[in-house]
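Bear in mind these aren't lab numbers, they're just calculated from the coordinates by the rules spelled out. These numbers were taken from a predicted model, which means no experiment stands behind them. Note that we place each Cβ from the backbone using ideal geometry, even for glycine, and neighbour counts take in every protein chain shown.
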Amino acid sequence: MKYHVEARNVVKRFGPTVALDGAGIAIAPGETHALVGRNGAGKSTLVSILTGLQRQDEGEVLFAGEAAPALADRDAWRQRVACVYQKSTIIPALTVAENLFLNRQTGRGPINWRRLRARAREVLATYEVDVDAEALTGDLGVEQRQLLEIARALSFGARFIILDEPTARLDGPAIDRLFARMRALREQGVTMMYISHHLDEVYEICQSVTVFRDARHVLTRPVAGFPHDELVSAMTGEAGRRPAAYESRARTPAGRVVLSGARLSLAGRYRDVDISVRSGEVVGLAGSGSSGKVRLAETLVGLRRADSGTVTVNGTRVRPGDVPSALRAGLGFVPEDRHHEGFVPLLSVAENATIPIAHKLGRFGTVSPARRRARALRMIEDLHIKTEGPEQPVGDLSGGNAQKVVFARALVDDPSALVVINPTAGVDVRARQALLGAVEEAVERGAGAVLVSDELDDLRICDRVLVMFHGRVVRDVPRGWTDHELVAVMEGIRQ
Amino acid sequence: MTTLTAPTPRVRLARFRDLTLVPVIVILLVVGAFLDPIFLTPGNLTNVLQQQASISLLVLAEALILISGKFDLSLESTVGMAPAIAVMLVVPASAGGFGIGLPGALVIPFCLLVGAAIGAFNGFLIIKFQLSAFIVTLAMLIIVHGLQLGPTEGKTLFQLPDSILYLGSAVWLGLPAAVWIAGALFAAGIAGLAYFRVGRSMYAIGGNTDAARAAGIRVDRVLWGVFILGGTLAALAGVLETGRLGAIGSNQGVGWIFMVFAAAVIGGVSMDGGKGTILGALTGVLVIGLVQNLLTLKGVSGFWQPVVYGGIILIALMISRIAGGKAQD
């Protein structure tokens, strides 16, 4: 038995689209194997085939050398493979105990809740998950829910776990804790397949890596000694170029302040924050998940209302907690969760991108479709949005392109102040560059930008980074920092 | 693990969440007692329960369907149509029947079968054909009512077999049989949803269908079963109503569905699925029943009663919103 899990020559079609075209993966027992590729490379399809949610059209899947069980035999699948999906499979209205034993609360007959809770506590203790078995999962944080999913997955006795972008919604310390846990599992001999857009994580936690591109398998290598550049070019298919290292541009901020907040406080989130952004300047906001950086940025754009303090956009004092007033004053923003606040999935690219300027596209409340289309075409070209045309619904676009539409909406009215929150979450390398480039271009046109990000690499484009710790701005770090320095401040190691 | 030792308060709180309407019921009883001396007598309260027995079965059915994340408007039409068709199968043509002359003892099984068939057809369109539950059951609401009006030509059926009248009119141990039946079914519903895998799987499906499927729940089968059960309960509600009134009018059940939804929702059942309990739905029915009774006793004009019902629904919603704390969906 050489491989713990093997997929050979797998073909999967969805109508006319080929999601996997003779792709495969082979994972040795006890290793943590990364699967990387750009959006649409076929990673998610492979996950659903390896977990038995879909059957491949051609090819075979082997577990420890034996053919995969029938699709209907869920129990057999769950003993072989466990998966922490990208989308949470925790049901918020149910308790922790019930989520752990979903659909296996009892063998036959009525459920004995007391026993179920006891069993749940056992599982939680075994996998060292520190949550109350009787808590509603809806009240848990992202990290705890994820740990719950891992514990549930392992409690079926599977020795192979798939982790599909587990770090996408976690902050720095939570990611470290997850990795510590993964290492412990590996020492116990658990085999893992790890999917992530963050190549640093691949280098940190995995032993080998498989690259998929355009539904095909490109290469499988040990991670140790595999150059970062080569990995990136295998993903993008562009040898020779180094798209990963984004060259940020030099610029001199002008004197005019375009966005400022004075003595802003929000109970439990941040206290007494002063921030001012000049025209032609990118100011980064960094900090851990509990630092209050996202809430602060949301206050600047009016999504939240501060308990005290004022926000001034372009010289106008905006009404607290009022997005339209901020937009009128000349602000554009990219919200944290694009699915939630970023776009309307059923509406077209053109409509989504032009919502803030609808009043300028026609008279007396009408919207001229021709002008809207023209404007949208320009945005599509500027931002390199990959779409069939301005009429395509945004819901059909890939993550990176949908995010570009959100950017288009933020930039459509040539804002003088731009607030961008976690713009590169869940987008691939190339889209990430286009998005950061869009921020820089807006700033070159004279805007001032605030960039909130969990990604240190994103913050490289900033002229200075304000580091927040427990609701306070603790340091104003000028350009030229090293990762180590910045992380140390974010973790509150040095004041 | 020491961190897991203090979980009890949480459970109590969760249990109270189902009972946010209990104070409302208490207030209604107290206010009612002051307003009218007859109100708080056993006879009157029994009367309230009997009047609510059949609509409560509809609330039970709707709560099950809503918790599973679906929707059924057609239940109210089944209340009139199922017993009407069942009766027409057994009574002679002179009494408005089809003249087939099947045995009268079979009228209740026929009725339940018709209800189950309507539920199964709804389920087929919604689950297998993947149509929107709202529109499918809206169409079925119209069609099923039409299937009562067509054969009866809009006439009321008076000559009914004794078997269909029995359940709605009999008295067992001092309480109407209908109340016992509704009580037993609610008890079964409460236990089924709290203590059995199939009941829990309904919460899972309503809460997150994909997660339920990934956990190995046979989502389609459970949903189909819920629709069939819902149709059957609606038919049984029709039997009880027929027995109570002694005839089947052409508008039996018409307009009930609004009250049914109101009762379920003020009782804490979420329109988005996955949330709520049968006990909560029961308190919703009781609130509406008590208000109805109080209005009738005080002689409030039937033309003005809808305003009061609507107002009560809104007030109950506000109370449960304040008690529950979270924004409603």
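Using equal-weight Cα scatterers in the Debye expression, the normalised intensity of chain B in log10 at q = 0.06, 0.09, 0.15 Å⁻¹ is -0.22, -0.49, -1.28. Of all the options B:T242, B:T232, B:T209, the one that moves most in a Gaussian network model of chain B with Cα springs shorter than 10 angstrom is B:T209. Divided by 2.2 N^0.38 Å, where N counts the residues, the Cα radius of gyration of region A:5-236 comes to 1.03. Hey, in the GNM for chain B with a 10 angstrom Cα cutoff, which one of B:K70, B:K155, B:K275 fluctuates hardest? Maximum among the listed residues: B:K155. Among the lysines of chain A, pairs at least eight places apart or on separate chains and with Cα atoms under 27 Å apart come to 15.
Taken along its three principal axes, the alpha carbon spread of region A:331-405 comes to 34, 25, 22 Å, from the longest extent down to the shortest. Counting, for every residue in A:97-109, the Cβ atoms of other protein chains within 10 Å of its Cβ and taking the mean gives 4. Pairs of C-alpha atoms in chain A farther apart than 46 Å represent 15 percent of all such pairs.
Qualifying GluC sites (Glu not before Pro) in region A:336-400, where qualification requires a DSSP coil assignment and no more than 13 other C-beta atoms within 10 Å, comprise A:E388, A:E391. When you filter the trypsin sites (Lys or Arg not before Pro) in region A:33-93 for DSSP loop state and at most 15 other Cβ atoms inside 10 Å of their Cβ, you are left with A:R55, A:K87. Here's how it looks for A:L466: its modeled amide H is under 5 Å from those of A:G284, A:L285, A:A286, A:V477, which are all 5 or more places away or on a different chain. FRET efficiency for the pair A:R256 and B:F98, taken as 1/(1 + (r/R0)^6) with r the Cβ-Cβ distance and R0 = 60 Å, rounds to 0.10. For the peptide B:215-222, the mean number of other protein chain Cβ atoms found within 10 angstrom of a residue's Cβ is 3.
Among the residues of A:81-94, the average count of other protein chain beta-carbon atoms within 10 Å of the residue beta-carbon is 4.
Would you compute, from DSSP H runs of 4+ residues alone, the mean residue ellipticity of chain B at 222 nm, taking -39500 (n - 2.57) per run and dividing by the full residue count, rounded to the nearest 500?
Here the helix-only value at 222 nm equals -22500 deg cm²/dmol.
Each DSSP beta bridge with both residues in region A:257-490 is either parallel or antiparallel, and the antiparallel ones are about 55%. Of the DSSP beta bridges with both residues in the protein assembly as shown, give the percent that are antiparallel, rounding to the nearest 5. That works out to approximately 60 percent antiparallel.
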